[in-house]
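**Student:** My structure is below; once you've seen it, I'll send some questions.
The values are calculated or read from the model by the stated rules, or taken from the named source; none is laboratory data. As the structure is a prediction and not an experimental result, all values here were calculated from the model. Cβ atoms come from the backbone with ideal geometry, glycine included; neighbour counts cover every protein chain shown.
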Amino acid sequence: MYPVEDAQLNKALFDRDLDPTADYSRANKQAMDYAVADLYVIMVTTPTIAEGGYQISLTDKGSLMKAVSAIYKRYEGAVAGSGGSSGGSSGSGEADPFAATIPTPKVKGSSPW
C-alpha cells in the first residue's frame, strides 16, 4: 500500500466540501469521485522514497493517471450540482490534470517526394 498522509486525505476531502466524518452517500458521489482523483494525483506525483536499502515506490502510475482521466471524463459536460456536487470546487468544468495539452502540428506544405 502506498502511503497517503492523513493531512493529504483531509485536504482532498475539504477541498471538495466533504465532511471526513460523514457517511458516504449517492448525493455526494461526484465530489467523492473528484476527491479520489485528487488522491490519485498526489500518489502519481509523489517521488519514490529510498533509504538504507528500503524503497517505497508506485510502479504503475500510468493506471492511476488513466483512472483520474476516466473520473474527469465521467463528469465532462455535467451541470454544476448534478451527480451530488455540493458546489465549491467540485462542479463541472474542471480540467483533467493529465489531459494532453500539446497542440497538434499542422502541415502547411507538401513533400516533393
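**Student:** Got a sec? Which of Ala78, Ala99 is at pLDDT 70 or above, surrounded by 10 or more Cβ atoms within 10 Å (Cβ to Cβ) and on the phi < 0 side of the Ramachandran plot?
**Tutor:** It is Ala99.
**Student:** May I pose another question? Could you list all residues from segment 16-43 that are surrounded by 17 or more Cβ atoms within 10 Å (Cβ to Cβ) and among the acidic types (Asp, Glu)?
**Tutor:** Result: Asp33, Asp38.
**Student:** Moving on to the next point. Mind listing just one residue for me: the one in segment 58-75 that is modelled with pLDDT of 85 or more and of a type in the set (A, V, I, L, M) and, of those, surrounded by the fewest Cβ atoms within 10 Å (Cβ to Cβ)?
**Tutor:** Result: Ala70.
**Student:** Also, quick follow-up: For segment 2-15, which positions are loosely packed, with under 10 Cβ neighbours inside 10 Å and of a type in the set (A, V, I, L, M, F, W, C)?
**Tutor:** If the condition is that a residue be loosely packed, with under 10 Cβ neighbours inside 10 Å and of a type in the set (A, V, I, L, M, F, W, C), then Ala7 is the only one that fits.
**Student:** Then there's this: I'm trying to understand the selection: among the residues of segment 1-36, which are more than 23 Å from Lys61 (Cα to Cα) and free of Cβ contacts under 8 Å to residues at least 12 places away in the same chain?
**Tutor:** Phe14, Asp19, Pro20, Thr21, Ala22, Asp23, Tyr24
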